[in-house]
1. Calculate for the chain the 222 nm mean residue ellipticity that helices alone would give, adding -39,500 (n - 2.57) per DSSP H run of length 4 or more and normalising by residue count, nearest 500 deg cm²/dmol.
2. How many nm is it between the label spots at VAL35 and GLN77, if each spot is 7 Å from the Cα in line with the beta carbon?
3. For the range 137-195 and the range 30-99, what is the centre-to-centre distance using only Cα atoms, to the nearest Å?
4. Using only the Cα atoms of the range 34-89, what do you get for the radius of gyration and for Dmax, in Å?
5. So for the pair SER46, ASN131, with labels modelled 7 Å out along Cα→Cβ, what separation do we get in nm?
6. Estimate the FRET efficiency between GLU28 and ASN61 by the formula 1/(1 + (r/R0)^6), using the beta-carbon distance for r and 45 Å for R0, to the nearest 0.05.
7. Taking other Cβ within 10 Å of each residue's Cβ, how do ILE75, ILE44, ILE175, ILE104 sort, fewest first?
8. Any idea which of LEU128, LEU107, GLY143 is furthest toward the positive side of the dipole for the chain, if Lys and Arg beta-carbons carry +1 and Asp and Glu beta-carbons -1?
Amino acid sequence: MRTHRTLRVTSPRAAGSASRMAGFSVVELMVTVTVAAVLAAVAIPSMRTFLQNDRMWTEQNALVMSLNAARSEAIKQDVVGGVLVCASSDGLTCNTANWSSGWIVALAPPAAGAPLQTVTALPVSNTLKENNGRTQIVFLSNGTVQGQVAGQFTFCDQRGGGNARYTEVAAFGRIVSAPSSTPGRDLTGAALVCP
């Protein structure tokens, strides 16, 4: 015959021992809140700078990818007029001098129909300017740029020229960006100016 044992649990209060409720004291809570506030004060500006740099890097890479796509298509398709990248506010036609409004990649001259690629406008606080006033860059079937004039692009945000980014299209079609380790400078090391 088996016997069962019953286990009895007795709380400390029931046993008559004095116990204290677990938790934080007011002093511990205040120290924790103070430390959290100091960490937030240090981290938030760094995070904002990181996000601004990341946004500008993303915009610059979008332009570089569009320029590379246009050059590649011009060589691949061997089109007489070439393939262009131009400023566009509607995403369909070359209709503005403001590169911040967005741009398209299309056959040159732009034919009716959808462009090969469309990039929408930059955020309101960011600007993109072609330093020579060009509204389009045309790549020919041999990979060079029509007109043999380099395209020079400066990306800016509300922080000004010290954080600007630079991308250049050489006359022979090579696309180069200034290193991200030297913001605010072009390929020669000259300081960039933002509007």
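Only the coordinates and a few stated rules stand behind these numbers; no lab work does. None of the values given here were measured: they were computed from a predicted structure. Cβ: placed from backbone, ideal geometry, glycine included. Neighbour counts: every protein chain shown.
1. On the way: 1 runs with 52 residues, N = 195.
Theoretical 222 nm ellipticity from helices: -10000 deg cm²/dmol.
2. About 6.1 nm, to one decimal.
3. 14 Å
4. Over the range 34-89's Cα set, Rg and Dmax evaluate to 20.5, 68 Å.
5. Result: 3.3 nm between the two label points.
6. Values: r = 48 Å, r/R0 = 1.06.
With a Förster radius of 45 Å, E is 0.40.
7. Details: ILE75 17, ILE44 10, ILE175 21, ILE104 25.
In order of increasing Cβ crowding within 10 Å: ILE44, ILE75, ILE175, ILE104.
8. Sorting the options by dipole projection puts first LEU128.
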